[in-house]
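Colleague: After the structure tokens below, expect a handful of questions from me.
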Amino acid sequence: MRLVLWVTGVCCWGQSLTVEPANRVLRGAGASQQYLAIATLPDGTVRDVTGEAAWSVSGPQASILASGELKAASDGAVTVSARWKGAAAKATARIANSARTRDFQFGLDIGTILTRNGCNGANCHGGVKGRGGLKLSAGALHPKEDYEWIVKGGAYQVLSAEVKGERVPRINLAKPEDSLILRKAAGVVAHGGGRRFAVGSPEYQRILGWIRQGAPYGPEGAPEERVERLEVHPPVVTLVSGESHRLLVTAHLAGGGTRDFTSLALFVSNDPDVAAVSPAGVISGGKLGETAVLVRAAGLASSATAGVIGPPVADYPNTPRANFIDGHIFDKLRKFRIPPSELSSDAEFVRRVCLDLTGMLPPPARVREFVAGSDPDKRRKLIDALIGSPEFVDYWTYRFDDLFRVAIFSNGIQPKWSQMYGDWVRSSIARNKPYDQMARERLTAQGYDGPSRHFLPYDVIAPPAEQMAEEVRVFFGRRLDCAQCHNHPYEAWTQDQFWGMAAFFGRMFKMGDTGREYVIFDHPLKEAMGNGDVDGSIKLYHPRTKAELKPVLLDGRAVDDSARKSARNELAEWVVRHPYFSEAAVNRMWGHFFGRGLVDPVDDFRSTNPPTHPALLDQLARDFRENGHDLRRSIRLIVESRAYQLSGRGLPANRADRTNYSHALPRPLDAEVLLDAICDVAGVPEIFTTGVTDTERATGEAPPGTRAIQLREPDLYFSRFLDVYGRPNRLAIPERNPNPSLGQALNVLAGGVYNEKLAAPGSRLRRLIEAGKGNAEIVEEFYLAAFGRTPSPPELSGIEELIARRGDRIEALKDFVWALLGSREFAENH
């Protein structure tokens, strides 16, 4: 991690001034660097005063504008100074190679203009087929292709590399001023994108000069000058409505150097109503809220978080911190002037953590015991007990069954296939198998072992493109699907990358007899064997270029598939060592416990969807890697944090917060967990039936006492309740819909689960009545069973009054239990 020290000056009134960055090296003729003057006021408020400060530079080697932009003149070192309201601060800069003129590079010099002016955005010429007959790569990611489309013209074909029809160049070497690229962008002729820059503007003159010089592509540039990443400073900006703050964009080069890209970048706000951003990168605060500001340049993307905050919070709490998670969460909350809620009550915590770790409500006796306990370490001990319980294994097997799509579909496949796959998942969870090992085993599965059944969900091996896209989404949290037919219009993924990855699955085939005992293989000779499912050579072709595909990783490294081994082995090793792997894993875990991921949706990492807490995500991922990809360790780390254990009771100053974890948010229970919870409270188990009868399931029913989360083949067992409440069929990676529906409301009103269990023989209500319990005792028992708490005095007296007014005690108590089970408090974890 790089440490940057800012040079700060403090004035007599207690306010301080900082010049950022503290030191820079400016290389080459015409080099420049934007500086910021940041004031810290006596109350701790931070303001950007760059435009108000008086700037000066110590020597003739450079000059500085009133805007804080330093321009190099000759080699040497200078001191940059800023003064503001009695405070002063300095920074240093060194200028090198000021007489060396950089070679022209099309991608950097012309591509940057196209990016900064939005010409190659997804809603313009950077779209799938471009616009108006001109196709450009998104963000100038592929400058050679852009050069050809501009210089030669031609229409882009999605499924063919062949250029059809007349090619109309966008430049005119004979009459440069008549070039379409200038006339349209300057608004001289009609242009669907409107005027992007004016005639005579620096952008116009730069493109005109390029055309006059013969429109060269130029050299590729030295490898050490290649831009590897963009850094945006500050990464988090807070300001009040009406204030502004500048962003700095620094390009980090392959050779270790840096270059100021602030004037070369495109800035886009995800929510201009919260924070608008100017072409120069100046953020202006609008309504209260938080949004991301996206930054694009040189085919790369980065982002900053902008928050418009309210007034200071009096007596802001100094909240205790349990681990590094709390440091990240509470530091941001303080910066955004959002106070965290108090610690959850013991009753609130025990219900929440039992549901999150085991998918089960705590029994009333456990709630009473935990709430009454005086051990200061009782929360940690409860967490340890739950993680070490059989119920934890059941629940997390269910969760990974969902993610890994353990299912049997109604097409004649043997149920034991899903049983084999499910047993592999369960064994992995029970043994706390490292997650990287689970990924390796699934990605490289061959033969007849458990994870190999993943590749035969429909009695056939899925197309390589589908298999690859699923593995990348599960293990990397990225969605490459859009790059299957063309380069991704919004992200940096290309069609070539998509099919290079798909080729890792291009040699898979099955052998066996009549759909009964199939074995999965990667044939080393790329020829079919076995029962003749494939005849001849197994090859995969690029759908657009028609070239034969070879396995290529996303980083461009080709994998030799000629040896007698599976290329998937090398793919698996690369996957589990890539930073994306641990990021996706911990983000998925975080999403389960907080109701939203640090990146949300949890499997949709992209430049336009940055994490709410980037540094926290990075540290969680690093901890996961450094500790053997231990899922239980990461789970324990999350649930032991104070952030997880905060109360769900919001404060006036944090009730609107939905992204910064200032208080626990209610999360709807999954269909299976909800059904099990109803059965537990009612005291009547559900009976799951199936139409399949064979030697293994002669009764057509699941074993007595089977819980919904224990169903290994969920689509084999019919349950109207589970279907209505969103149980996925696992035909694809499950995406559960948490929104209520009319069907659910009708199910509460008239469904068997909510109505027939209430006072059935052996039910909790019947047992309590037969034991002679009074109304108050029954109400308390059900409150503990359903809500994990006792009723408040007003609740208890109101319920007792309603029971007394009803006349028929049993019917009144049934209505009480029905209302309890139908409440939001019961159907959510909070």
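The values are calculated or read from the model by the stated rules, or taken from the named source; none is laboratory data. These figures come from a predicted structure and were not determined experimentally. Backbone-built Cβ (ideal geometry, glycine too); neighbour counts: all protein chains shown. Protein only, heavy atoms only, side chains kept; ligands, DNA and RNA dropped before computing areas. Shrake-Rupley method; radii C 1.70, N 1.55, O 1.52, S 1.80 Å.
Colleague: Taking every Cα atom in region 607-647, find the radius of gyration and the maximum pairwise distance Dmax, and write them in Å.
Modeller: Spelled out, the Cα radius of gyration and Dmax of region 607-647 are 11.8, 32 Å.
Colleague: If you don't mind, there's one more thing I want to ask. Among P339, S32, L749, which residue has its Cα positioned farthest towards the positive end of the charge dipole of the chain, with +1 placed on the Cβ of Lys and Arg, -1 on the Cβ of Asp and Glu, and the dipole taken about the Cα centre?
Modeller: Toward the positive end, the furthest listed residue is S32.
Colleague: Show me the chymotrypsin sites (Phe, Trp or Tyr not before Pro) within region 425-517 that DSSP assigns to loop and that have at most 15 other Cβ atoms within 10 Å of their Cβ.
Modeller: Details: sites: Y435, Y448, F455, Y458, F475, F476, Y490, W493, F498, W499, F504, F505, F509; in loops: Y448, Y458, Y490, W493.
Filter output for region 425-517: Y448, Y458.
Colleague: Work out how much length V188 to A558 would gain on full extension: take 0.36 nm times their residue separation and subtract the Cα-Cα distance, in nm to one decimal. Intermediate results must be reported in sequence, preceding the final value.
Modeller: Numbers: separation 370, 0.36 × 370 = 133.20 nm, distance 4.71 nm.
Length difference between fully extended and current span is 128.5 nm.
Colleague: Could you give the spread of the C-alpha atoms of region 751-830 along their three principal axes, from largest to smallest, in whole angstroms?
Modeller: 33, 31, 21
Colleague: Could you run the Karplus curve 6.51 cos²θ - 1.76 cosθ + 1.60 with θ = phi - 60° over region 625-631 and give me ³J(HN,Hα) per residue in whole Hz, x for Gly and Pro?
Modeller: 5, 6, 10, x, 6, 8, 5
Colleague: The list [x] 65, 37, 22; [y] 46, 36, 23; [z] 54, 39, 23 gives values of semi-axes √(5λ) of the Cα gyration tensor in Å, and only one came from this structure; which label was calculated from it?
Modeller: [z]
Colleague: I need the shape label for region 241-334. Rule: rounded when a/c is under 1.5, else prolate if a/b > b/c, else oblate, with a, b, c from the alpha carbon gyration tensor.
Modeller: Verdict is oblate for region 241-334.
Colleague: Can you send over the carbon and sulfur percentage of the accessible area for the chain, probe radius 1.4 Å, protein chains only?
Modeller: Working: 19110 of 36150 Å².
Of all accessible area on the chain, carbon and sulfur atoms account for 53 percent.
Colleague: Moving on to the next point. Once you place label points 7 Å from the Cα toward the Cβ at R766 and V46, how far apart are they in nm?
Modeller: 6.5
Colleague: Another one. Compute the length gained on full extension between R226 and S278: take 0.36 nm times their separation in residues and subtract their Cα-Cα distance, giving the result in nm to one decimal. Mind showing how you got there, number by number?
Modeller: On the way: separation 52, 0.36 × 52 = 18.72 nm, distance 2.69 nm.
Extra length available between R226 and S278 comes to 16.0 nm.
Colleague: Starting from the amide H of V602, placed 1.01 Å from N in the peptide plane, find each other amide H under 5 Å away whose residue is 5 or more places distant or on another chain.
Modeller: Counting only residues 5 or more places away or on other chains, the set is G597.
Colleague: If you don't mind, another one. Taking Cα atoms, how many degrees apart are the long axis of helix 202-212 and the longest axis of the chain, rounded to 10 and kept between 0 and 90?
Modeller: So the helix axis and the longest Cα principal axis differ by about 60 degrees.
Colleague: If you don't mind, there's one more thing I want to ask. Could you give me the ³J(HN,Hα) list for region 374-391, computed from phi with Karplus coefficients 6.51, -1.76, 1.60 and θ = phi - 60°, whole Hz, x at Gly and Pro?
Modeller: Coupling constants for region 374-391: 10, 5, x, 9, 5, 5, 5, 5, 5, 4, 4, 5, 5, 5, x, 8, x, 5 Hz.
Colleague: Continuing with the same structure: Taking the Cα atoms only, what angle lies between the long axis of helix 324-335 and the longest principal axis of the chain, rounded to 10 degrees?
Modeller: The helix 324-335 is inclined about 60 degrees to the chain.
Colleague: Separate question: Please sort 139-149, 632-642 by packing, taking for each peptide the average over its residues of neighbouring beta carbons within 10 angstrom, highest first. Don't jump to the answer; show the numbers that get you there.
Modeller: Numbers: 139-149: 20.8, 632-642: 18.7.
Output ranking for 139-149, 632-642: 139-149, 632-642.
Colleague: To continue, here is another question. Dipole size in debye (nearest 20) for the chain around its Cα centre, Lys and Arg Cβ +1, Asp and Glu Cβ -1? Mind dumping the intermediate values first?
Modeller: Details: 102 positive and 99 negative charges, 452 e Å.
Around 2180 debye, computed over the chain.
Colleague: For region 706-747 and region 634-678, write down the distance between their C-alpha centroids in whole Å.
Modeller: So the separation of the two Cα centres works out to 22 Å.
Colleague: Also, quick follow-up: For the modelled label position 7 Å from the Cα of R809 along Cα-to-Cβ, which residues of region 760-780 have backbone nitrogen atoms closer than 12 Å?
Modeller: Answer for this model: 768-778.
Colleague: Now for a separate question. Can you list the lysines whose alpha carbon is less than 21 Å from that of K550, not counting same-chain residues fewer than 8 positions off?
Modeller: Output for K550: K510, K526, K539, K565.
Colleague: Seen from all sides and averaged, what is the projected area of the convex hull of the Cα atoms in region 1-153, in nm²?
Modeller: That works out to 12.5 nm², a quarter of the Cα hull's surface.
Colleague: With charges set only on the Cβ (+1 for Lys and Arg, -1 for Asp and Glu), what does the dipole of region 107-221 come to about its Cα centre, in debye to the nearest 20?
Modeller: 320
Colleague: Further, regarding this structure: Assign unit charges at the C-beta atoms only (+1 for Lys and Arg, -1 for Asp and Glu), then state the dipole size of region 14-91 relative to its Cα centre in Debye, rounded to the nearest 20.
Modeller: The calculation lands at about 140 debye.
Colleague: Near K71, which lysines are there with a Cα under 24 Å away, not counting those fewer than 8 places off in the same chain?
Modeller: K90
Colleague: So which lysines can K757 reach, going by Cα to Cα under 21 Å and dropping same-chain residues fewer than 8 places off?
Modeller: Within reach: K773, K814.
Colleague: Give me the accessible area per residue for the chain, probe 1.4 Å, as a whole number in Å².
Modeller: On a per-residue basis, the chain sits at 44 Å².
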